Structures are given as structure tokens and as C-alpha cells.
1. If you check residue A:107 against the conditions, is it in contact with a strand residue (DSSP E or B) (Cβ under 9 Å, 6 or more places away or on another chain) and modelled with pLDDT under 95?
2. What are the residue pairs meeting all of these: first residue in the range B:165-178, first residue at negative phi, second residue among the aromatic types (Phe, Trp, Tyr), Cβ atoms under 7 Å, and 6 or more apart or on different chains?
3. Please find, among A:175, A:206, A:179, the residue that is open to solvent by less than 30 Å² (accessible area, probe 1.4 Å) and among the aliphatic types (A, V, I, L, M).
4. Given the conditions (1) of a type outside the set (S, T, N, Q); (2) outside any strand (DSSP E or B); (3) away from every other protein chain (no Cβ under 14 Å), and given that residue A:86 satisfies all but one, which numbered condition is not satisfied?
5. Could you check the range B:163-272 for helices (runs of 4 or more DSSP H) lying wholly inside it with 1 or more residues that are within 22 Å of residue B:142 (Cβ to Cβ) and within 13 Å of chain A (Cβ to nearest Cβ)?
6. Pull up the range A:273-304, narrow it to residues that are small (Gly, Ala, Ser) and on the phi < 0 side of the Ramachandran plot, then point me to the one that is nearest to the other protein chains (Cβ to nearest Cβ).
7. Could you grab me the full set of residues in the range A:41-80 that are free of Cβ contacts under 8 Å to residues at least 12 places away in the same chain and buried (at least 18 other Cβ atoms within 10 Å of the Cβ)?
2 protein chains.
Amino acid sequence: VTKSREVHLVVRPSGIPALADFEVVETDVADAEEGEVLVQNLFMSVDPAMRPRLTDGYDLGQPMAAAAIGRVVQSRTSGLAVGDLVSNGLGFREYFVSPARGLRRLDQVEGQPITVHLHALGGTGFTAYGGILRVARLRPEDRVFVSTAAGAVGSVAAQVAKIKGCWVVGSTGSAEKAAWLKDEVGLDAVIDYKEAPVRRGLRAAAPDGIDVYFDNVGGDHLDAALASMNTLGRAAVCGMISGYNEPGARTTVHNLANIIYGRIEIRGFTVADFADLRDDFRRDMSEWLAAGRIKYRETVLEGIGNAPRALIGLFEGLNTGKMLVKLAD
Amino acid sequence: VTKSREVHLVVRPSGIPALADFEVVETDVADAEEGEVLVQNLFMSVDPAMRPRLTDGYDLGQPMAAAAIGRVVQSRTSGLAVGDLVSNGLGFREYFVSPARGLRRLDQVEGQPITVHLHALGGTGFTAYGGILRVARLRPEDRVFVSTAAGAVGSVAAQVAKIKGCWVVGSTGSAEKAAWLKDEVGLDAVIDYKEAPVRRGLRAAAPDGIDVYFDNVGGDHLDAALASMNTLGRAAVCGMISGYNEPGARTTVHNLANIIYGRIEIRGFTVADFADLRDDFRRDMSEWLAAGRIKYRETVLEGIGNAPRALIGLFEGLNTGKMLVKLAD
């Protein structure tokens, strides 16, 4: 028996979640039985898309779920050995027992921390890769606008578009992030939406309009994109964080009539839309990371007790790049 | 020289257009020269999509344009004879001279008035046909919602979906139109959006949700459709009349976040998206009309002086089915 701690949702938040909506609970985890492993989680991910699941999705009084990286500490299966690192969907807890099935052994990418499997080479990276290439049907001549371009998904979407030869403008919410996008990531233009309304910023930054919009925001960002969208433009909608803390995840958009004469497509998506691209993604992204062609940043809070804080911080701009929680060394 | 009258736009309207925004002007039309015909227009079409062109599109102090049917009254070309009926884009005027090129000779469809070429077999019919079949990628098992289902475009879209085997619910704004859609057109369900909010009406009428939405309205109708849309649903956006009289054609939508997990596509379109379907459309629609499988209604105002009234009436529910202006016998 191993002592573990796990995070429960205890109150469904309205608006931005509060620390009191969560509880850290101590629990006993049994030893691995035949065919199972006991895993200690090292890192877990928090993601804006968790917010709608706080309203409808996560059960109250149960451990929450999240992408995580763990280390096998007991093994009663030949498939995994003690010390193996595995990806799993059982974050928000320190230990768990699982059959080997459902756990994927992770390889270290040369020159990269293991946490890259939780962002650029993980779910957020795959979301960005498939969203920009498949859903937005990216072409090398496209002018591309990516919102929250310094975030975990946006930064990969923007850089994949750059790698494919596109002209890319990104939006972000601080001068520091804007400088990173311009100087280190090498975007062609950057909008700081706290400096000026995003619609005006986009018009000025992209006077020839845009062909593709990768949306993580909705609301004023989608309105701005529609106001600047060229004929036959495409908006791939990954998220609408502007509405996640509103009742019914409402985000208000006024410029939809622009899609008619512009013959514009807006498509919401999840990774289910391009599951067939997963091998291509792993191969391309591993190469790009090894070659230093994909930049990223991480914000890491320490200890499972900080997991609620990390999640709430996503809606307060606390993170720079991917927000992670470190659960153990 | 022939005396003619034509309608000019003299003031760009804000909000619903007023009669004073238009002027009926007398003019002299020269005789046809070599290679030309003189045409007398018999019927012309007015269409909600003209509203944005009053703000930006039609020139001030010039004759407006519209789809029309005319009769050749002088011919100096072998291509067309006096008495031929021709479709043209030069409505809002009684007479005009034109080269034969650009005029298409119209055939009478058995059992149908010639005006069918201005709706079911004309531009609005083609818009509906291509929009529902190509843009919405209709499949026989789809549950389909069509807004303004008693209108010129909506009624054809709804009936094409019925012909293809779909379950179809339509929205309209009066009990009389609702009865026509239910009893004569044979839709599976009808919502009168003046009786109850369309969102509630749609939920009740389509408890299993919808797979396709054919949008002519935007605003609350698009919100309702998004709230009832099944996974992988498609919205083909033909028009957003709810915004046409607002500054910037703004129409407000709150439920766009629904497109993410539902992996829903929203696509604006014009007939340019399916120009290759025109022959298929003429063949199919002629057959369906001849077989009585497409029902329609017309509202006809008389005299070019009533053309502005007809156009304004589109935004006041004055028409039942296709709004036309009869210019001559």
C-alpha cells in the first residue's frame, strides 16, 4: 500500500474557478497485481480545455484526470519495467495502479526534457499540428493568424505554419511574450491585444488580410479575424478561452456575415479529426525539436497541492508557454 | 427611342431602407444597333442579399441591377428574335439595349409560369440546390433545419432535402406560412419563431438534434442551430438577414464554442462555390417542377414604381415565397 494524494473537484465553479472548488485528498493505493504496474506521476499538464469539464464532465468528489508523465515503481507485467517512463491520462494524482495497456513508454528526445511529451510532442502539439495542417488545409502561400501564439497550442501552430513557409502573425497579451514571439520564435508580426483592440492591431499588422486563422480565443479575436479574412479563408477553431468562464461557455461574435461573400469556412475540431496523422506528427515534431526549429517555454509549479493553482492560473495569464505541475523528482 | 423608367438608389439607408432612399427616373433608351436587341422587362426579382449592396455595392444615382425576365422587342442579331423571352441581370428598369451575349433565352417549363425562372429554376433555386447538396454535403440520413423555410431560397433547400430522403424542420414567422410548409410542402416539423424562441422551438421539434443547418438568418437562428447540432454537423450559410439592416451587417451569435467538441463546420457560400453544378441543377429542378415535387409561392407587386416597396417589404415579412415585381404584360 502506497500513500498518495489526489485532487477532487468539490464545487462546480461559475466564472473563473477558485481554490475552494478543489480539494486535495489523501488516499491509499494498493500494490500492483498480476499484469499491472504501480506508477508514480512526475509531471502533469493543465489545459484551458479543462474549464468546460469543470462545469460538465469531471465528477464531483472524484479524482480529476489530466495528461501526465509517470515512472513505473512496481511492475508485475513483462511489458514495462521499474524505472520506465510512461505517458498516461491519470494526472491530478501522485500514484496509480494500471494494466500496462493504456500506458505508452516514452523515449527521451535528444537535448530535450522529458516534459516535451506533455506539450510540443504531446497532446497540445498534436492538436496544433493537425489543426493547422489538416483542418485549416494550410498552403505555403497562406497568410496565417494564430491567437494566444505564446501558448502551448498556439506557439506550435504558428511555428508549424512558419516551417511550411507561411507568413504568420500571432497575438499575445504581454510585451514580454510579444518579444519572445518576435525575437526567438521569429514570427513575421505580433499583436499585443492589451495594447490596442485586436481588430485594429490585426488590420495594421496584416494589411493584405489573412487566409487562415487558428483560433484559441473566440470573441473579439474571431471577430477581428473575420474582419481581415480573405476570400476562401479558413478558421480552424481549437478553443474559445474567452467564453470558458461564462455561463454556457458563451463567447460573443458579431462579424459572422463576413463569411458569406468571402465564402469562408469556420471549423471546430478535436484530435479525433486527424487521428491518422499521429505517426507523421511524432516523426516531424521529433525532427523539428532535435533541429531546434520548434521553440517552447514551460511554467512549472511544484507539488500536487499546486495543481488547482496551476489550472486557475491559465485564465489569469500566470503561465508563459505550457503550464505544468511537477509532482515528484 | 423608347421611353423607359428605372430605379436609382439616391440615399444609402441606415437600418431598414425607406422609399425616399430610391427614385424612379424617366430615361430614353436608344434603338438596338447591329448585333444588339432591345428588351422590355416583364418581371424582376428583389432579394434580401440586395440589402448589403445598398450600403456598399450599388452606385448612387445609377440604375440598380437585379435578375429579370424580358421580351425581345427589337432584334438586330440572328441569335435572338422578337418575342423571345430572355433572362438578364438588368432589372430595376423597363427597357434596355444589349448585345445578345449575356442574355439567355428561356424555355417555358410545362405547367409553370415563366416566373419560375426567377426563383425555383433561377438564382434562388440554384443557391438552395448547391448550398444544401454541395456546401452542406447532404446525406440521406441527415436531420436538416432550414431557416426562413417559406422563403424563396429556404423553401427550395428544404424540399431538395426532402427529395433526398432527409428529415426536415423549417422555421418561419407566421401561422399561415407554417401551415403551408406543413400541409402543402410536407416538411416533417415547422417552427413559428414568433410563437416561441427559436432555440426552444427547435429543441422541441428536433429532440434528436440536427446534422445540417441551412442558414438564411444568422443571430438567434444560428445560435439555436448550434445548440441542437449533432457531432460533425454542418451549417451552410447562405444569408444572415437578421443583420442586414444593422451597421456593418452585424449579427450577434453566442454559441460558437459548441462547434469545438461537436467538430462542426460553418461555411459561408455563394453560387461561385458550385458553378459546375448548374447543368445538374437545371435538369433536376425542371424534372422536379414538372412532377409537382417542388412547391412555391409568389408575391407579385405591379409596376416599376413598386420595386422599392417590394425590396423594403422583404424585411417586413410582406412576401410569401418569392417576391417579384411585374413590369409589363
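1. Yes: the conditions hold for residue A:107.
2. So the pair list comes out as B:169/B:145; B:171/B:193; B:173/B:193.
3. Going through A:175, A:206, A:179 in turn, the sole match is A:206.
4. (2)
5. Where helices (runs of 4 or more DSSP H) fall fully within the range B:163-272 and carry at least 1 residues being within 22 Å of residue B:142 (Cβ to Cβ) and within 13 Å of chain A (Cβ to nearest Cβ), they are B:198-205, B:219-228, B:258-261.
6. If we take residues in the range A:273-304 being small (Gly, Ala, Ser) and on the phi < 0 side of the Ramachandran plot, then A:275 is nearest to the other protein chains (Cβ to nearest Cβ).
7. Matches in the range A:41-80: none.
Let's see how each residue does on (1) in a strand (DSSP E or B); (2) open to solvent by 50 Å² or more (accessible area, probe 1.4 Å); (3) touching a Phe, Trp or Tyr at 6+ places or on another chain (Cβ under 8 Å); (4) under 13 Å from residue A:296 (Cα atoms):
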position: A:82; (1), (2), (3), (4): no, yes, no, no
position: A:102; (1), (2), (3), (4): no, yes, no, no
position: A:117; (1), (2), (3), (4): no, no, no, yes
position: A:124; (1), (2), (3), (4): no, no, no, yes
position: A:129; (1), (2), (3), (4): no, no, yes, no
position: A:132; (1), (2), (3), (4): no, no, yes, no
position: A:145; (1), (2), (3), (4): yes, no, yes, no
position: A:150; (1), (2), (3), (4): no, no, yes, yes
position: A:156; (1), (2), (3), (4): no, no, yes, yes
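The values are calculated or read from the model by the stated rules, or taken from the named source; none is laboratory data. Everything quoted here is computed from the prediction, not taken from an experiment. Here Cβ is always computed from backbone atoms with ideal geometry, including for glycine, and neighbour counts include all displayed protein chains. To get the accessible areas, we keep the full protein, side chains included, count just its heavy atoms, and leave off ligands, DNA and RNA. Shrake-Rupley method; radii C 1.70, N 1.55, O 1.52, S 1.80 Å.
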